[in-house]
Amino acid sequence: MTPRLNLESLAGLPPAVQRPDYDFLNLSIGIVHLGLGAFHRAHQAVYTEDALRSHGGDWGILGASLRHADVPGALAAQQQLYTVETLGSISGYRIVAAVRASLTATTQRAQLLSALRSSRTHIVTLTVTEKGYCLAMNGDLDVANAEIAHDLSAPREPSSAIGWLAAGLEERYQSHRRPLTVISCDNLQSNGAKLRRAVTAFVERSRPEMLPWMRDNVAYPQTVVDCIVPAATDASRARVKQTLGVEDFACVQREPYSQWVIENRFAGPRPAWEHGGAQIVADVIDHGRLKLHVLNTCHSALAYLGLPRGYTFVREAMADTELAQFLEALVSTEIAPALAPLAVPGYWQTVRPRFANPRIDHRLSQIAQDGALKLSERVFPLMISNAKAGAPVHGLARIVRGWLELTMTGLNAALEDPTLLPPAIRTNSALRAAISAAIT
């Protein structure tokens, strides 16, 4: 029987496998992460591990899955160790140990609240996808959302990320009132500001007495995150098993490229993330606009136009000559004008080969999920900007048409649906006509 990755098997791994070379067993928890999926383990946890290796500190991570127990269960069976497989021209393998504890929020409420309350916890990070913020079309908290309505009626039994943050802040407010930095690591434009407004709106309705303390003691830095992290598969787990000689049911796979840009707005101590490769900057806006409106918009284009052609992965859609030409034209004639004076062509030159990486099986179906939320961030602002400036929108309209057809929504009904299209699209006759006329 093949042994499981754990502390005992760690020493016997092949020499080429990078091991954690710092005193991770004695780390205290300094970071609580909500949303213990593959992206966090392949991205923020790696930056934290590299900061710990170079500058130390008590920055162990407690990772909380808000719904499912599979990842915490796999990590617990491996004493919280897992493999990061980097797929480039040469594959690389490393064991990450920065996650020192993991739990499932639905069954371990007291433990998660205790971690959020702890005076040793200085940072809370989140990767819960756009949908997990429970925002309305205007970017504010959707108080009619079922999860938010539940959490407002039962604030001691939260289910949403916003509800958990509010509950954790109340615990800190009632016990020691130490400051806290809350960092969104999801693909939301102005993610820190939106998270701050959402938490504030929730607390206004549930615990308004906390608001003055929160205003002065809770920070929400803006961030930009970038790394293509496909979901683990039987094939990726088999590669890890063959290379390491151990079973790892918590392994993750990712591309070589990674970026984490964090606004220098912290309420208290933080890891030395800049020594782990992150960028700590005064303003993330330009970084975010490039990532969201070039990389993410083109990802959505490949998903909504590639899936109907029978493609499964981004690399397959990128190999389609017509789709590749479409993206080139989209970037140069529609995205670049909307983002001027940002250096869109140069940025696109770095993105294009990442899409074509033959080692990365990034599923188009994964990208296509939650289209209404994603396009409201990625595509609709470009269409509105170009319409005002008299710039082309045909390619952007083709993406929207592809999404509507893929979701099997009647086109005429969709053009009137406020849950799908914002008013600036629905009430603009030129944009409506462009979507109707677009050929997918």
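The values are calculated or read from the model by the stated rules, or taken from the named source; none is laboratory data. What you see is a predicted model; the values in this text were computed from it and never measured. All Cβ positions, even for glycine, are placed from backbone atoms using ideal geometry, and neighbour counts span all protein chains on display. Accessible surface areas use protein heavy atoms only, side chains included; no ligands, DNA or RNA. Shrake-Rupley method; radii C 1.70, N 1.55, O 1.52, S 1.80 Å.
For this structure, a couple of remarks:
- Prolate/oblate/rounded call for the range 66-146, Cα gyration tensor, a/c under 1.5 rounded: oblate
- Each principal axis of the range 41-96 carries a Cα extent, and these read 34, 31, 18 Å when sorted largest first.
- For the range 264-341, the Kirkwood radius over C-alpha pairs fed into Stokes-Einstein at 10 °C and 1.306 mPa s yields D = 106 µm² per second.
- Coordinate range of the alpha-carbon atoms in the range 184-276 per principal axis, descending: 56, 31, 24 Å.
- Mean projection of the Cα convex hull over all viewing directions, computed for the range 100-202: 6.5 nm².
- Computed extension length for residue 111-residue 333: 74.7 nm, one decimal, from 0.36 nm per residue of separation with the Cα-Cα distance subtracted.
- The mean accessible area for residues of the chain, using a 1.4 Å probe and ignoring ligands and nucleic acids, is 40 Å² per residue.
- Cα-based convex hull volume of the range 236-289 per residue, rounded to whole Å³: 145
- Pairwise label distance in nanometres, residue 352 with residue 436, each label 7 Å out on the Cα-Cβ vector: 3.6
- Model label zone, residue 18; criterion: amide N under 15 Å from point 7 Å along Cα-to-beta-carbon; scope the range 68-88: 82-88
- Normalised convex hull volume, the range 337-439, alpha-carbon set, Å³ per residue: 111
- Checked against a 31 Å cut-off, the cross-linked pairs 241/291; 194/241; 291/388 give Cα-Cα distances beyond that limit for 241/291; 194/241.
- Note: relative contact order over the range 193-282, using C-alpha pairs below 8 Å and six or more positions apart, is 28 percent.
- Estimated inter-spin distance, residue 146 and residue 28, nm [label 7 Å along Cα→Cβ]: 4.2
- Translational diffusion of the chain, µm² s⁻¹ [Kirkwood Rh, Cα pairs; Stokes-Einstein; 4 °C; 1.567 mPa s]: 57
- Over the residues of the chain, the helix contribution to mean residue ellipticity at 222 nm works out to -12000 deg cm²/dmol, using -39500 (n - 2.57) for each DSSP H run of at least 4.
- Measuring nothing but alpha carbons in the range 1-99 and taking Rh as the Kirkwood radius, the Rg to Rh ratio lands at 0.95.
- Accessible surface of the chain, 1.4 Å probe: 52 percent of it comes from carbon and sulfur atoms.
- Based on the Stokes-Einstein relation at 20 °C and a viscosity of 1.002 mPa s, and on the Kirkwood radius from alpha carbon pairs, the range 39-186 is assigned a translational diffusion coefficient of 128 µm²/s.
- Distance (nanometres) between label positions extended 7 Å along Cα→Cβ at residue 68 and residue 137: 3.1
- Residue 370 accessible area, 1.4 Å probe, all protein chains in place, Å² to nearest 10: 60
- Cα gyration tensor, the range 189-338 - rounded (a/c under 1.5), prolate or oblate: oblate
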